[in-house]
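**Q** Okay, handing you the structure first.
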Amino acid sequence: MGYPSLQACITDLEKHGHLIRIKEEVDPYLQMAQIHLRVFEKGGPAILFENVKGSKFPAVSNLFGTLERSKFIFRDSLDKVKTLVDVKTDPLQAIKHPFKYANVALTALSALPMKSGNISNFSKCNISDLPQIVNWPKDGGPFVTMPQVYTEDSDKPGVMNANLGMYRIQMAGNDYILNKEIGLHYQLHRGIGVHQTKANAKGQPLKVSIFVGGPPSHPVAAVMPLPEGLSEMTFAGALGNRRFRYFYDDEGFCISTDADFVITGTVEPHENKSEGPFGDHLGYYSLAHPFPLLKVHHVYHRKDAIWSFTVVGRPPQEDTSFGALIHELTGSALPREIPGLHAVNAVDAAGVHPLLFAIGSERYTPYIKERKPQEILTIANHILGKNQLSLAKYLFIAAQEDDPNLNVNDIAPFLTHILQRIDLTRDLHFHTRTTIDTLDYSGSGLNSGSKVAVTAAGDIKRELWADVPAGFTLPKPFMKYQMVMPGVLALEVPANIRTSDMPLMLEILQEHFGEVDLTGIPLIVLCDDAAFTAENINNFVWVTFTRSNPSHDIYGINEFTEHKHWGCYGPMIIDARIKPHHAPVLVKDAEVEKIVDRMGEVGGELYGVI
């Protein structure tokens with residue numbers, strides 16, 4: 001059976017050695033986050049903070065810190081939920097395999113939301129009474145980082161047409177009036193945006209309920225990309241083996257009966273305030289921008305409530321494990337939605353949205369011996385028009401026929417496959433002046449940037465060099481380089497070179513390399529630190545794809561534009577330096593790190609954990 005509460009989950013995890021308690025007082029300003037980060041880095045357990053400075057409520061984090069722990073939490077329901085997602089994505093499967101899917105209807109029916117409970121189960125408090133957790137030094141204030149934000153469709157009210165999403169909430173700081181106003185941050189392609197658009201059109205405030213805690217299936221449901229017709233509340237019931245219980249308070253706000261905390265409030269049409277900065281999952285701060293202002297009505301909490309939170313930053317983090325669990329549940333769904341697609345991976349090490357790897361079929365002209373990207377280009381366009389995948393900047397797509405064993409989850413081998421086969425005069429396809437991830441500051445403005453589909457199909461065209469050829473030299477002022485992997489060179493741009501100098505630098509590279517045979521090095525990455533970029537494959541994809549905007553930062557040796565198609569005869573160059581308009585990189589506070597270090601010493605509460 002499923003957990004009826006967050007406390008029940010914590011008890012079970014502790015019983016089986018998956019959770020530790022920290023009894024000493026901890027500071028919600030940076031210290032709790034740094035403890036979480038250190039424990040996560042070691043693959044450690046969930047953490048229950050019993051004594052949070054400034055709050056009477058304990059807090060828990062790292063519940064989903066490993067895929068193994070997530071599977072343990074949902075050990076009784078994973079298989080049936082996979083089946084439910086399968087049949088909702090492709091209903092014909094139930095006809096083709098009736099015995100396999102015989103219990104799906106029962107699963108969905110038993111997971112339907114149910115009205116239960118009343119407000120007497122809750123007490124009230126203020127926003128300032130909650131744990132005021134600040135994760136990174138330059139954050140604009142404390143945030144709710146594990147919220148379940150509930151809104152309803154004004155045209156089709158009710159829980160079955162509602163949206164449950166995970167959108168960060170700023171509780172204080174900036175110009176927010178303490179205890180009366182909080183900030184609601186959501187990005188493109190989020191269901192809440194549809195609800196707010198409809199409410200705005202009617203001149204009505206949007207009612208918002210923010211749930212924190214509750215059974216662990218609830219936050220998972222809030223981040224799930226679900227097939228059409230499967231509500232988050234039904235999914236939460238199926239995954240948690242317990243129906244989503246709810247009721248409405250006297251003001252008409254939906255209350256999750258099993259939640260530990262519920263914040264209710266309204267968003268008036270077009271009423272915004274500056275929200276942020278916030279240390280985000282790309283590994284940089286998202287900066288302050290106007291986002292919807294939520295006017296707080298009530299803050300409810302259960303008796304013995306436990307605050308749930310997470311910490312995001314440069315991947316991997318706990319949300320990486322969320323992503324792995326999502327793939328576990330829905331991995332086969334997307335390829336069935338896009339004809340010819342075999343696999344797709346939003347590369348976590350690159351911050352998810354900046355970089356996609358995909359494998360598709362190339363079957364358009366089987367009667368021609370030479371294979372080139374045709375069908376996979378159609379698939380690429382489909383991917384870049386699909387929900388949140390449309391926020392990607394770089395899509396590398398290969399033909400399944402060229403290597404049936406190719407794996408989108410193996411970064412270096414996948415890039416090797418592409419670089420061996422790509423024709424740089426033909427196989428780069430740009431989308432300019434379009435939308436990218438709200439959190440990505442490499443573009444031309446908030447939500448604005450470009451995309452490139454890098455396509456490869458056919459026989460191997462080149463042998464990739466593991467080192468530079470004999471006699472290789474650099475033109476001044478370039479002095480340092482490192483091979484990242486065969487075929488990829490990291491070229492360090494001196495620190496004194498300004499962005500305004502880059503056209504001249506590219507001219508210098510063109511003049512120096514224009515007549516040089518660099519066949520085995522199809523990719524050169526300009527970076528601030530060649531040693532760091534080349535240290536490992538994760539550094540390489542993080543630097544290269546989070547710090548570049550394809551339309552502005554891709555160049556080439558002997559480049560050309562023909563009938564609006566760009567290509568190059570020599571290596572492709574990606575300018576992945578940090579530019580003046582980029583957001584700051586996340587850096588831990590050194591003094592707080594020392595405090596956490598002491599907790600890991602003999603006799604400390606984290607001894608043997610970190």
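**Q** Output the number of the condition that Asp155 fails; it satisfies all remaining conditions of (1) assigned to a loop (DSSP other than H, G, I, E, B); (2) over 17 Å from Leu294 (Cβ atoms); (3) at pLDDT 95 or above.
**A** Here Asp155 meets the rest and fails (3).
**Q** Would you confirm, using the coordinates I've provided, whether Leu389 is crowded, with 23+ Cβ neighbours inside 10 Å, part of a helix (DSSP H, G or I) and within 23 Å of the chain's Cα centre (by Cα)?
**A** Criteria not met by Leu389.
**Q** Looking only at the range 404-428, which residues are of a type in the set (A, V, I, L, M) and either under 23 Å from the mean Cα position of the chain (by Cα) or under 15 Å from Phe357 (Cβ atoms) (or both)?
**A** Leu406, Val408, Ile411, Ala412, Leu415, Ile418, Leu419, Ile422
**Q** I'd like the residue in the range 327-340 that is under 26 Å from Thr66 (Cα atoms) and aliphatic (A, V, I, L, M) and, out of all such residues, is surrounded by the fewest Cβ atoms within 10 Å (Cβ to Cβ).
**A** Per the criteria, the residue is Ala333.
**Q** With respect to Thr425, determine if the residue is modelled with pLDDT under 95, touching a strand residue (DSSP E or B) at 6+ places or on another chain (Cβ under 7 Å) and open to solvent by 10 Å² or more (accessible area, probe 1.4 Å).
**A** no
**Q** Using the structure shown, decide if Ala259 is part of a loop (DSSP other than H, G, I, E, B) and either buried (at least 24 other Cβ atoms within 10 Å of the Cβ) or in contact with a Phe, Trp or Tyr (Cβ under 7 Å, 6 or more places away or on another chain) (or both). First the steps, then the outcome.
**A** Numbers: part of a loop (DSSP other than H, G, I, E, B): yes; either buried (at least 24 other Cβ atoms within 10 Å of the Cβ) or in contact with a Phe, Trp or Tyr (Cβ under 7 Å, 6 or more places away or on another chain) (or both): yes.
For Ala259, the condition - part of a loop (DSSP other than H, G, I, E, B) and either buried (at least 24 other Cβ atoms within 10 Å of the Cβ) or in contact with a Phe, Trp or Tyr (Cβ under 7 Å, 6 or more places away or on another chain) (or both) - is met.
**Q** For the range 584-597, indicate whether the set of residues that are touching a residue at least 40 places away in the same chain (Cβ under 8 Å), surrounded by 22 or more Cβ atoms within 10 Å (Cβ to Cβ) and of a type outside the set (A, V, I, L, M, F, W, C) is non-empty.
**A** no
**Q** Then there's this: Report every pair of residues separated by at least 6 positions or lying on different chains whose Cβ atoms are under 8 Å apart, first residue within the range 447-469 and free of Cβ contacts under 8 Å to residues at least 40 places away in the same chain, second exposed (fewer than 14 other Cβ atoms within 10 Å of the Cβ).
**A** Ser448/Arg433
**Q** Please determine whether any residue of the range 322-344 is under 24 Å from Val134 (Cβ atoms) and hydroxyl-bearing (Ser, Thr, Tyr).
**A** Scanning the range 322-344, I find no residue that is under 24 Å from Val134 (Cβ atoms) and hydroxyl-bearing (Ser, Thr, Tyr), so the answer is no.
**Q** Which condition breaks for Pro225 when tested against (1) surrounded by fewer than 24 Cβ atoms within 10 Å (Cβ to Cβ); (2) not in a loop (DSSP other than H, G, I, E, B)?
**A** Tallying (1) surrounded by fewer than 24 Cβ atoms within 10 Å (Cβ to Cβ); (2) not in a loop (DSSP other than H, G, I, E, B), Pro225 fails exactly one: (2).
**Q** Given the condition part of a helix (DSSP H, G or I) and under 29 Å from Arg336 (Cα atoms), answer yes or no: does some residue in the range 177-186 qualify?
**A** Within the range 177-186, none of the residues are part of a helix (DSSP H, G or I) and under 29 Å from Arg336 (Cα atoms).
**Q** Further, regarding this structure: Does Gly140 fit the bill of being part of a loop (DSSP other than H, G, I, E, B) and either open to solvent by 40 Å² or more (accessible area, probe 1.4 Å) or closer than 21 Å to Gly313 by Cβ (or both)?
**A** So Gly140 passes the test.
**Q** Another question about this same structure. Being closer than 13 Å to Gly313 by Cβ and not hydrophobic (A, V, I, L, M, F, W, C) is the filter; apply it to the range 128-137 and report the residue that is nearest to the chain's Cα centre (by Cα).
**A** If we take residues in the range 128-137 being closer than 13 Å to Gly313 by Cβ and not hydrophobic (A, V, I, L, M, F, W, C), then Asn135 is nearest to the chain's Cα centre (by Cα).
**Q** Mind listing whichever residues of the range 423-468 are of a type in the set (Val, Ile, Thr) and farther than 14 Å from Ile397 by Cβ? Write out each step before concluding.
**A** In the first step, residues of the range 423-468 are kept if they are of a type in the set (Val, Ile, Thr); the result is 425, 432, 434-436, 438, 452, 454-455, 460, 468.
Across the range 423-468, the qualifying residues are Thr425, Thr432, Thr434, Thr435, Ile436, Thr438, Ile460, Val468.
**Q** Here is a further query. Among the residues of the range 360-377, count how many are aliphatic (A, V, I, L, M) and either surrounded by fewer than 17 Cβ atoms within 10 Å (Cβ to Cβ) or under 21 Å from the mean Cα position of the chain (by Cα) (or both).
**A** Residues flagged as aliphatic (A, V, I, L, M) and either surrounded by fewer than 17 Cβ atoms within 10 Å (Cβ to Cβ) or under 21 Å from the mean Cα position of the chain (by Cα) (or both) within the range 360-377 amount to 1.
**Q** Checking the condition within 26 Å of Glu337 (Cα to Cα), at pLDDT below 95 and in contact with a strand residue (DSSP E or B) (Cβ under 8 Å, 6 or more places away or on another chain), which residue from Leu446, Leu391 passes? Before the answer, list the steps.
**A** Details: Leu446 fails: within 26 Å of Glu337 (Cα to Cα).
When all the criteria are applied, what remains is Leu391.
**Q** Does Glu401 count as more than 25 Å from the chain's Cα centre (by Cα), outside any strand (DSSP E or B) and closer than 29 Å to Phe560 by Cβ?
**A** It is false that Glu401 is more than 25 Å from the chain's Cα centre (by Cα), outside any strand (DSSP E or B) and closer than 29 Å to Phe560 by Cβ.
**Q** Related question: Being without any contact (Cβ under 8 Å) to a residue 60 or more places away in the chain and touching an Asp or Glu at 6+ places or on another chain (Cβ under 8 Å) is the filter; apply it to the range 174-195 and report the residue that is surrounded by the most Cβ atoms within 10 Å (Cβ to Cβ).
**A** Top of the filtered list is His195.
**Q** Now for a separate question. Looking at Ala350, Ala324, Ala358, which is the one that is touching a strand residue (DSSP E or B) at 6+ places or on another chain (Cβ under 7 Å) and not basic (Lys, Arg)?
**A** Only one candidate passes the filter, namely Ala358.
**Q** Still on this structure, I have one more. Checking Phe247 against (1) assigned to a loop (DSSP other than H, G, I, E, B); (2) open to solvent by 10 Å² or more (accessible area, probe 1.4 Å): exactly one of these is not met. Which one?
**A** Here Phe247 meets the rest and fails (1).
**Q** Going by the structure shown, is Thr455 within 30 Å of Leu586 (Cβ to Cβ), at pLDDT 95 or above and β-branched (Val, Ile, Thr)? Please lay out each step first, then the result.
**A** Numbers: within 30 Å of Leu586 (Cβ to Cβ): no; at pLDDT 95 or above: yes; β-branched (Val, Ile, Thr): yes.
The answer is no for Thr455.
**Q** Before we move on, is Lys295 farther than 20 Å from Asn163 by Cβ, basic (Lys, Arg) and either over 23 Å from the mean Cα position of the chain (by Cα) or open to solvent by less than 30 Å² (accessible area, probe 1.4 Å) (or both)? Steps first, please.
**A** Working: farther than 20 Å from Asn163 by Cβ: no; basic (Lys, Arg): yes; either over 23 Å from the mean Cα position of the chain (by Cα) or open to solvent by less than 30 Å² (accessible area, probe 1.4 Å) (or both): yes.
Here the answer is no, as Lys295 does not meet what is asked.
**Q** Quick one: which residue in Ala350, Ala380, Ala324, Ala343 is touching a residue at least 60 places away in the same chain (Cβ under 8 Å), small (Gly, Ala, Ser), within 21 Å of Thr416 (Cβ to Cβ) and open to solvent by 20 Å² or more (accessible area, probe 1.4 Å)?
**A** Criteria check complete, one pass: Ala343.
**Q** Further question: Kindly list the number of the only condition in (1) more than 33 Å from the chain's Cα centre (by Cα); (2) open to solvent by 80 Å² or more (accessible area, probe 1.4 Å); (3) modelled with pLDDT under 95; (4) not hydroxyl-bearing (Ser, Thr, Tyr) that fails for Ala495.
**A** (1) is the only condition that Ala495 fails.
Here's the yes/no breakdown for (1) among the acidic types (Asp, Glu); (2) part of a helix (DSSP H, G or I); (3) farther than 21 Å from Glu370 by Cβ:
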| residue | (1), (2), (3) |
| --- | --- |
| His417 | no, yes, no |
| Arg433 | no, no, yes |
| Asp437 | yes, no, yes |
| Asp440 | yes, no, yes |
| Gly449 | no, no, yes |
| Lys461 | no, no, no |
| Trp465 | no, no, yes |
| Asn496 | no, no, yes |
| Leu504 | no, yes, yes |
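**Q** Which condition breaks for Gly471 when tested against (1) exposed (fewer than 14 other Cβ atoms within 10 Å of the Cβ); (2) at pLDDT 95 or above?
**A** Evaluating Gly471 over (1) exposed (fewer than 14 other Cβ atoms within 10 Å of the Cβ); (2) at pLDDT 95 or above leaves (2) as the failure.
**Q** Which residue out of Leu287, Leu341, Leu325 is of a type in the set (A, V, I, L, M) and under 30 Å from Ser5 (Cα atoms)?
**A** Leu325
**Q** While we're here: If I ask for residues that are open to solvent by 10 Å² or more (accessible area, probe 1.4 Å) and in a helix (DSSP H, G or I), which ones from the range 196-218 would you list?
**A** Gln196, Thr197, Lys198, Asn200, Ala201
The values are calculated or read from the model by the stated rules, or taken from the named source; none is laboratory data. Fair warning: this is a prediction, and the values are worked out from it, not measured in the lab. Cβ atoms come from the backbone with ideal geometry, glycine included; neighbour counts cover every protein chain shown. With ligands, DNA and RNA removed, areas are computed over all heavy atoms of the protein, side chains included. Shrake-Rupley method; radii C 1.70, N 1.55, O 1.52, S 1.80 Å.
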